[in-house]
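Notes follow the structure.
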Amino acid sequence: MSDSAVQPVAEQAPGLSQWQRVANIFSAPSKTFADIKRGNKSWWLPFIFAAIAGYLLYAVVTTKIGMEQVVQNQIHLSPKQEERMNQAPPEQRETSMKISLGITNGIFLGGPILLLIIIGVGSVGLWGTINFLFGGKATYGSIFSMWMYAGLPGIIKVLLGIIVIYAGTAPESFNIKNYAPTNLGAFLNPLETNAALYSLASSIDLITIWTLVLLGMGAATVAGVKRSSGYIAVFGWWAIFVLIGVGWAAAFA
């Protein structure tokens, strides 16, 4: 046989469905990320799940807590803001409450759009870091898709928050910024704890760490670099934002 004879082509493993990629995130995440690296980048299913979870939380908070109560609680957790509100004329207080209520409702209702923006911007930073600092070859689309799947554990936090609300959380003590007992801050009184310490404790969140591990694993896979490089890139950015949050809390508490 001549050297120019056609060699048999190795069969490529069939791509996973989106349902399989979602399921594998909780059982075999490396399979999901390897599938994304092969070019299967569709991400609408985890996006839909995240949107449903967000609106479900919004419905439960609205019916069991009340959005006005949510806003009042946030004002109460900020002594300086509460003092300004108490010193303002009644008409100004009413206007400020309406604005705050509108913003809070808007954040919930626009949650899916905000999610796309956050992941879109975050993917730019992670894509640049993993490629230019660690020699990866990831495309922006693969990083974006990977992030959408890696964020799925966040749904568990939403479900835990809903369970806590139905378990009998007092509306007056509900904190929309820390609604589920998945971090150290959830077990501290924000009014009796140093603001910087509370911010740091709230950042040490089990669901967040789970997501960060998945992001590091996914970034390394789609970029074709060592897994340690993915973890350094992801946890490095996380540490920077945690320090910024702690510094902000210390400066403006």
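Overview of results
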{"quantity": "Vicinal HN-Hα couplings computed from phi for region 87-100 (Karplus, 6.51 cos²θ - 1.76 cosθ + 1.60; Hz; Gly/Pro x)", "calculated": "8, 6, x, x, 5, 5, 4, 5, 5, 4, 5, 5, 5, 4"}
{"quantity": "Folded to 0 to 90 degrees: helix 140-150 orientation relative to the chain principal axis, Cα", "calculated": "60 degrees"}
{"quantity": "Ellipticity estimate at 222 nm from DSSP helix runs (n ≥ 4, -39,500 (n - 2.57)) divided over the chain, nearest 500", "calculated": "-21500 deg cm²/dmol"}
{"quantity": "Residue-span extension gain [Thr63 to Tyr166] - 0.36 nm each, minus C-alpha spacing", "calculated": "36.0 nm"}
{"quantity": "Percent RCO, i.e. relative contact order, over region 31-252, from Cα pairs under 8 Å lying at least 6 residues apart", "calculated": "27 percent"}
{"quantity": "Relative contact order %, region 17-150, counting alpha carbon pairs below 8 Å whose residues are six or more apart", "calculated": "35 percent"}
{"quantity": "Paramagnetic label zone (point 7 Å from Cα along Cα-to-C-beta, Leu133; backbone N under 20 Å) in region 234-253", "calculated": "234-247"}
{"quantity": "Tilt relative to the chain, helix 111-128 - C-alpha long axis, 0 to 90 degrees, to 10", "calculated": "50 degrees"}
{"quantity": "Potential lengthening between Gln81 and Phe252 on full extension [0.36 nm per residue; Cα-Cα distance subtracted]", "calculated": "60.5 nm"}
{"quantity": "Rounded if a/c under 1.5, otherwise prolate or oblate - region 92-206, Cα gyration tensor axes", "calculated": "prolate"}
{"quantity": "Tilt relative to the chain, helix 206-223 - C-alpha long axis, 0 to 90 degrees, to 10", "calculated": "30 degrees"}
{"quantity": "Of Met85, Leu57, Thr221, farthest towards positive along the dipole that unit charges on Lys, Arg, Asp, Glu beta carbons give region 31-252", "calculated": "Thr221"}
{"quantity": "Label-to-label distance, nm, for residues given as Ala23 and Ile204 (7 Å Cα→Cβ offset)", "calculated": "3.7 nm"}
{"quantity": "Shape parameters for region 153-253, alpha-carbon atoms, Rg then Dmax in Å", "calculated": "15.8, 49"}
{"quantity": "Region 65-136-region 195-241 distance, computed between alpha-carbon centres (Å)", "calculated": "22 Å"}
{"quantity": "3J(HN,Hα) from dihedral phi, region 47-63, Karplus parametrisation 6.51/-1.76/1.60, rounded to Hz, x for glycine, proline", "calculated": "5, 5, 4, 5, 5, 4, 4, x, 6, 5, 4, 4, 5, 5, 5, 5, 7"}
{"quantity": "Cα point-scatterer Debye curve for the chain, base-10 log of I(q)/I(0) at q = 0.18 Å⁻¹", "calculated": "-1.42"}
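A short reminder: the numbers here are calculations on the coordinates, not readings from a lab. Remember, predicted model here, so these are calculated numbers, not experimental data. Cβ atoms come from the backbone with ideal geometry, glycine included; neighbour counts cover every protein chain shown.
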